[in-house]
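Note sheet for the following structure.
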Number of protein chains: 2
Amino acid sequence: MGKASIRDVANLAGVSIATVSQVLNGKGERFSDATKQKVFAARDEVGYVPNASARSLKRGTTTMIGVLVPSLRNPYFGDIVQRMQEGLPDNVSLSIMTAETATADQTVETLVAAGVQGIVVASQLSNPPAVARSLKRRGIAMVVLENHDELEDADAVYSSDTQGGRKAAEHLIALGHKHVVLLGNQVYTDNLLYRTASFKEAMAEAGVKVSEVATRNLTKHAGRAAAMAVSVTHATAAFALNDELAIGLISGLNAIGIKVPTEMSVIGYDDTDYAEFFRPALTTIEQPVWDIAKSALDLVLQRIAQPDGERQVAAFDANLIVRESTAPFA
Amino acid sequence: MGKASIRDVANLAGVSIATVSQVLNGKGERFSDATKQKVFAARDEVGYVPNASARSLKRGTTTMIGVLVPSLRNPYFGDIVQRMQEGLPDNVSLSIMTAETATADQTVETLVAAGVQGIVVASQLSNPPAVARSLKRRGIAMVVLENHDELEDADAVYSSDTQGGRKAAEHLIALGHKHVVLLGNQVYTDNLLYRTASFKEAMAEAGVKVSEVATRNLTKHAGRAAAMAVSVTHATAAFALNDELAIGLISGLNAIGIKVPTEMSVIGYDDTDYAEFFRPALTTIEQPVWDIAKSALDLVLQRIAQPDGERQVAAFDANLIVRESTAPFA
DNA sequence: ACTAACAATTGAAACGTTTAAACCTAAATA
DNA sequence: TATTTAGGTTTAAACGTTTCAATTGTTAGT
């Protein structure tokens, strides 16, 4: 009834547990075929599956990688996680957790306690360098999905938010807008900080006025709720900090009778799947999800294999995708 | 350098490892305050975190629950997972994996090997009753997110697809449509089987013609690709097996100049967040995600605590949400 | 026949915890 | 004074593996 252990297999096969272990782990070059057969047969008969705890206790290593994202409700992160999952080597598995800023540090500890070998962090930590240092000291690999210069103790992969913010700005400038709103969270994460800073900087250079409208978070609902606040600024274009927000904003704008893009242009960020399908199709800044996910996975795996290599950083371009939600200022 | 063990804490504090263990696990009623302080201080100094493998090996129990969903790219599942995550008791964690039909069985084994205590399965298994039996024999709790009558060895939670399919049909019938298309996957899962069967049954009763258009999968892209095939049927309404498909279909229809809902009505399934924000806002069948996620979590936890109780089933209603993507047959 | 080499298998220690039981000391009771 | 009680702490076994060194047969070489 209780799960079968290696001992049950050994007894049934009439061999020692050492034999069972070696045969089942493919170290069985030296064992006779007869023995191997007996072991496999016994394994199948009792339905033996190695106890993961015991194995990783002995081996001193799990084969789990933790992934920490803010929310799986945002398809951007769903996509990242999905892609990492798909690219996973056979013997390793992902432990996915979600945590907003407030609980991110604590969730990292949960992951560590669960025995992960490495962590990919997309959530905003309270103090990334400190967490990175602590993890490194404990021999756990960490790669962050952000551009943080002071992060000496963690590998990083990101697409340039500085570039993305600027491209969004330049697009709006090129369309002739003179007053835009920056729609975003008030609890800035580092990525968003770069994104907004570069946007504002570019706008300042061009002499375009930017009004800021804060939101509670970066969801569609928050975007919709902000529509009125955006409209009273009398700006002619808006930069939403992500696509979710943009979609919500457009929906809200629509509800109060403001047409996008004729009366107001909206540009998003991320280029999630939905951007293309939404109507008006979203003009947005593309983050190369596929590359980000793949690099993050590669980097963390590599760091686990070789803890003391040089710090690695993979930076990708953020690209403007022009669709229907932006138009020239008439 | 290597991670600190309980022994390091004990040495530094000048006590035995038993003391450390007991104090740190709150069994320390009998220990003097002085000792407790020393232990805590030592723990903090060396940065000790209990080794999860060793702990669960000894305790004979992990605190991990596996979740198996088809894809995190579909916000329906993202939402379910997110909600389970949010409702999680403090000491337990979720191990989320994705697997389409082909690999679902194997992924269950991966989860088992990782030491989960229970599994919530939303993916389609090759042979659910067999998997359920096998898991039960090994003392692992399982709850399936589907309505499967022969599943004696697993708890289940679902919203009635039979009801949902019928409600979708009735809505279209009430609007006066005489020829509709059923847009869906050719690899039917059990849930979808009920969904389509009841839809077709209701349509047959009402004497409405239904044309079937198969898709490769249930994604937005598949929906868009099917637009032409749908249009050539000359049906006046379509039932898409989920919202993703519906969104894709509408987008595709639009691209070939067919207006929704004036020229064709489209109804989806799931009522994901996007249904409400999409334009035209999606008429769809709501699945009570919150209830489903919560019940699934409760049930699996309960089953872990008490493996030999009566089989539990939680069934919810599926509700029609009328928005803008359906209109009377003109 | 005697050793050497080899093939096949096993004994036993170790991984880091938890926990029941045992132990020690000092104070309380008889 | 002898004995119990209680408080405070430790000993040691166990959990299920993996793995190195040791052991047993066998066969080959001289």
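Tell me the residue from A:E263, A:E276, A:E286 that is charged (D, E, K, R) and under 21 Å from A:H179 (Cβ atoms), please. Of the residues listed, the single one that is charged (D, E, K, R) and under 21 Å from A:H179 (Cβ atoms) is A:E263.
If you go through region B:108-119 and pick out every residue that is under 16 Å from A:T62 (Cα atoms) and either touching a residue at least 24 places away in the same chain (Cβ under 8 Å) or assigned to a loop (DSSP other than H, G, I, E, B) (or both), you end up with 5. Among helices (runs of 4 or more DSSP H) entirely within region A:1-107, having at least 3 residues that are more than 10 Å from chain B (Cβ to nearest Cβ) and within 16 Å of DNA strand D (Cβ to nearest atom) singles out A:6-13, A:17-24, A:33-46. Restricted to strands (runs of 3 or more DSSP E) entirely inside region B:225-314, those with at least 2 residues that are closer than 21 Å to A:K220 by Cβ are B:265-270, B:283-286. Among the numbered conditions (1) away from DNA strand C (no atom under 16 Å from the Cβ); (2) at pLDDT 85 or above, the only one that B:A114 does not meet is (2). Please work out which one of (1) within 26 Å of the chain's Cα centre (by Cα); (2) within 14 Å of chain A (Cβ to nearest Cβ) is the condition B:A255 fails and give its number. So the condition that B:A255 fails would be (1). Within region B:112-169, the set of residues being surrounded by fewer than 23 Cβ atoms within 10 Å (Cβ to Cβ) and among the hydroxyl-bearing types (S, T, Y) comprises B:S126, B:S134, B:S160, B:T162. In the set B:V39, B:V69, only one residue is among the β-branched types (V, I, T), touching a Gly at 6+ places or on another chain (Cβ under 9 Å) and within 12 Å of DNA strand C (Cβ to nearest atom); that residue is B:V39. Scanning region A:113-123 turns up one or more residues that are within 16 Å of DNA strand D (Cβ to nearest atom) and within 12 Å of chain B (Cβ to nearest Cβ). Any residue at all in region A:299-310 that is within 29 Å of A:V120 (Cβ to Cβ) and in contact with a Phe, Trp or Tyr (Cβ under 7 Å, 6 or more places away or on another chain)? Among the residues of region A:299-310, not one is within 29 Å of A:V120 (Cβ to Cβ) and in contact with a Phe, Trp or Tyr (Cβ under 7 Å, 6 or more places away or on another chain), which makes the answer no. For region A:125-132, indicate whether the set of residues that are within 14 Å of chain B (Cβ to nearest Cβ) and in contact (Cβ under 8 Å) with a residue 24 or more places away in the chain is non-empty. Looking through region A:125-132, at least one residue is within 14 Å of chain B (Cβ to nearest Cβ) and in contact (Cβ under 8 Å) with a residue 24 or more places away in the chain. Checking each residue in region A:14-36 for being near DNA strand C (Cβ under 10 Å from one of its atoms) and under 38 Å from the mean Cα position of the chain (by Cα) picks out A:S21, A:K27.
Identify all residues within region B:202-214 that are assigned to a strand (DSSP E or B) and surrounded by fewer than 19 Cβ atoms within 10 Å (Cβ to Cβ); write none if there are none. Before you say what the answer is, go through the steps one by one.
Kept after step one, since they are assigned to a strand (DSSP E or B), are these residues of region B:202-214: B:209-214.
If the condition is that a residue be assigned to a strand (DSSP E or B) and surrounded by fewer than 19 Cβ atoms within 10 Å (Cβ to Cβ), then B:K209, B:S211, B:E212, B:A214 are the ones that fit.
Against the list (1) surrounded by fewer than 23 Cβ atoms within 10 Å (Cβ to Cβ); (2) away from chain B (no Cβ under 14 Å), the condition A:F239 fails is (1).
Considering B:R43, B:R83, B:R59, the condition of being exposed (fewer than 15 other Cβ atoms within 10 Å of the Cβ) and among the basic types (K, R) is satisfied by B:R59 alone.
The values are calculated or read from the model by the stated rules, or taken from the named source; none is laboratory data. Bear in mind that the values here come from a model prediction, so they are computed numbers and not experimental data. Cβ coordinates were reconstructed from backbone atoms using ideal geometry, including for glycine residues, and neighbour counts include every protein chain displayed.
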